[in-house]
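Enquirer: The structure is given below, and queries will be raised subsequently.
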Amino acid sequence: MAGSRAVDHLVLCVDDLDRAKAAYERLGFTTTPRALHPFGTGNSLIQLHGNFIELLSVAEPAKIAPAAPGHFSFGAFNDGFLKRREGFSMLVLASWDARADQAAFAAAGLDTYAPFDFSRQARLPDGSEVTVSFSLAFVTDRAMPEAVFFACQQHAPEYFWKPEFQRHANGAIEIAETIMVAHRPADLADFFRRLQGGPAVKPSGAGLTVEAGASTISVMDPRAFADRFAGPRIDRAPDTPYLAAYRLRVADLDRCAQVMSARGAAYARDGKVLRISPDLAFNVAIEFVAD
C-alpha cells in the first residue's frame, strides 16, 4: 500500500441536529444547511481546509435499511449507535477511487463490504441546490464494534467545497488529530497497518500513532486519555475500542478563545491548548491548538 490515506472527515452522532448546529456555531464554527441522505440520516457539516466534521442524526427512520451479508448499512449502524449514546461513531479517510480502496482493504485481510454509491442534494451559500455524489468503501473489525472506518470518494468536489463554508470565526483550519481509546492499544497495531500501511503505524509511549496525511490517529489507553482530558468522561463509554476526541488547528488561539467567550461557550485553557469537555460537545472531547 503506497502511503497513508488522509483523514477526510469525522462522523459525530447527535440526537438533535439543530441543537448540535447551534452549539457548534456558539464555538465559532460556520455550519452548512441541513441535508438529507436517501437512507434516513441527515447532516450538517463543518468544512475545514481539506477535511471536515459531519454532525449526523437520524432524520427518517423508515428509510433506514438493515445490514445484509456483504453490505454495510450506514443508517443502521448510526441509528444503533445513537440508541446507546451520542458521540464519535466513524473515522473517514479520503479516497480517489473507493473501489480500488475496497479491493486494497480486502487484499490486506480486512473485513470489507460492497462499495456503496449515493447522491444527495446540497444547498450552496447562495441558496441554490446542487447534487453531490459519493462512493464509500467500509471497513469493520470484530474487536471494534463501536467504531467504523471507511474511505470516501467525492464525485463532484467542485460543488461540495465552498470558501464561504470554510471561514470560521474561531479560525479553525483543519483536523490535526483524532483520538481513539483502547485498553490495549498495541492490539490494534495490525489493524491499522492493514488499513494505512505498515510504515504509518508507530508506537507512542504505551499507545500508537498512525499517520493519516497531514493528520494523525492516536490510540491511547483509558488512563492516558483521562490524564490528557481531565474532567467529565465520555458517557456510557464501551469496554471495546472507541473513537473519543479530536484536535483542531486554528489560526490564532487567543482569538479563538475570545470568540468562544463572546458567544458564551464554555472551555478550559491549559497553556497552548483549549479544551471542550464531552458533556458540552455531545459526548466528544475537543482540543484547539494554534497552527
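Bear in mind that the values in this text are calculations on the coordinates, not laboratory data. Keep in mind that what you see is a predicted model, and the values were worked out from it rather than measured. Because the Cβ atoms are built from the backbone with ideal geometry, glycine has one as well, and the counts that use them run over all protein chains shown.
Enquirer: Comparing GLY42, GLY213, GLY231, which has the greatest mean-square fluctuation in the GNM of the chain with Cα pairs linked when under 10 Å apart?
Expert: GLY231
Enquirer: While we're looking at this one, here's another question. Filter the cross-link list LYS21/LYS272; LYS63/LYS162; LYS21/LYS202; LYS83/LYS202 down to pairs whose alpha-carbon distance in this structure exceeds 32 Å.
Expert: LYS21/LYS202; LYS83/LYS202
Enquirer: Just to be sure I understand the model, the point goes 7 Å from the Cα along the line to the Cβ. What's the resulting ASP227 to ARG167 distance in nm?
Expert: 4.3
Enquirer: So, one more: Among VAL181, HIS155, GLN166, whose Cα lies farthest out toward the positive end of the dipole of segment 123-198, if unit charges sit on the beta carbon of Lys, Arg (+1) and Asp, Glu (-1)?
Expert: Result: VAL181.
Enquirer: May I ask you to evaluate 6.51 cos²θ - 1.76 cosθ + 1.60, the Karplus curve with θ = phi - 60°, for each residue of segment 160-171 and list the ³J(HN,Hα) values in order in whole Hz, giving x for glycine and proline?
Expert: Listing the rounded values in order: 8, 7, 9, x, 4, 7, 8, 9, 10, 4, 7, x Hz.
Enquirer: Can you tell me the Rg and Dmax of segment 7-166, counting just the alpha carbons, in angstroms?
Expert: Over segment 7-166's Cα set, Rg and Dmax evaluate to 15.2, 45 Å.
Enquirer: Less than 19 Å from a label point 7 Å out along the Cα-to-Cβ axis of ASP117: which backbone N atoms in segment 31-47 qualify, by residue?
Expert: So the set is 37-39.
Enquirer: Please report how far the C-alpha centroid of segment 162-188 lies from that of segment 108-143, rounded to the nearest whole angstrom.
Expert: Rounded to whole Å, the Cα centres lie 19 Å apart.
Enquirer: Still on this structure, please answer the following. Out of ARG233, ARG263, ARG247, any idea which swings most in a Gaussian network model of the chain, alpha carbons joined below 10 Å?
Expert: ARG263
Enquirer: For a Förster distance of 45 Å, can you work out the FRET efficiency between the beta-carbons of ALA156 and ASP15, rounded to the nearest 0.05? List each step's numbers first, then the result.
Expert: Details: r = 30 Å, r/R0 = 0.67.
With a Förster radius of 45 Å, E is 0.90.
Enquirer: Related question: Sequence-distant or interchain residues sharing an amide H contact under 5 Å with MET144, placed H: which?
Expert: Long-range HN contacts for MET144: none found.
Enquirer: With +1 on the Cβ of every Lys and Arg and -1 on the Cβ of every Asp and Glu, and nothing else charged, how large is the dipole of segment 7-166 about its Cα centre, in debye rounded to the nearest 20? If you can, show how the numbers build up before the last one.
Expert: Details: 13 positive and 19 negative charges, 55 e Å.
The calculated dipole for segment 7-166 is roughly 260 debye.
Enquirer: Right, something else. Test of understanding: express the Cα radius of gyration of segment 98-209 as a ratio to 2.2 N^0.38 Å, with N the residue count.
Expert: In units of the 2.2 N^0.38 Å rule of thumb, it is 1.33.
Enquirer: How much length, in nm to one decimal, is gained on full extension between ALA76 and LYS272, taken as 0.36 nm per residue of separation minus their Cα-Cα distance? Don't skip to the end; give the middle numbers.
Expert: Details: separation 196, 0.36 × 196 = 70.56 nm, distance 3.95 nm.
Result: 66.6 nm gained on full extension.
Enquirer: Divide by every residue of the chain the summed helix terms, -39500 (n - 2.57) for each DSSP H run of at least 4, and state the resulting mean residue ellipticity at 222 nm, rounded to the nearest 500 deg cm²/dmol. Can you show the working numbers first?
Expert: Working: 8 runs with 64 residues, N = 291.
That comes out to -6000 deg cm²/dmol.
Enquirer: Now, a different point. Rounded to whole Å and ordered largest first, report the semi-axes of the equivalent ellipsoid of segment 172-290 derived from its Cα gyration tensor (root of 5λ). Can you show the working numbers first?
Expert: Numbers: eigenvalues 142, 59, 22 Å².
Ellipsoid half-lengths, sorted descending, are 27, 17, 11 Å.
Enquirer: Calculate, axis by axis, the spread of Cα positions in segment 56-116 along the three principal axes, and write the results as whole Å, longest axis first.
Expert: Cα spread of segment 56-116 along its principal axes, largest to smallest: 33, 23, 20 Å.
Enquirer: Magnitude of the Cβ-charge dipole of the chain, K/R +1 and D/E -1, about the Cα centre, nearest 20 debye? All intermediate terms of the calculation are to be shown ahead of the outcome.
Expert: Working: 30 positive and 34 negative charges, 74 e Å.
With Lys and Arg at +1 and Asp and Glu at -1, about 360 debye.
Enquirer: When Rg is the radius of gyration of the Cα atoms in the chain and Rh is its Kirkwood radius, what does Rg/Rh come to?
Expert: Numbers: Rg = 17.9 Å, Rh = 19.2 Å.
Reported Rg/Rh, Kirkwood definition of Rh: 0.93.
Enquirer: Within a Cβ distance under 14 Å of ARG249, other residues only, what is the Lys/Arg minus Asp/Glu net charge? Mind dumping the intermediate values first?
Expert: Working: positive: ARG247, ARG255, LYS272; negative: GLU174, GLU177, ASP252, GLU287, ASP291.
Net charge around ARG249: -2.
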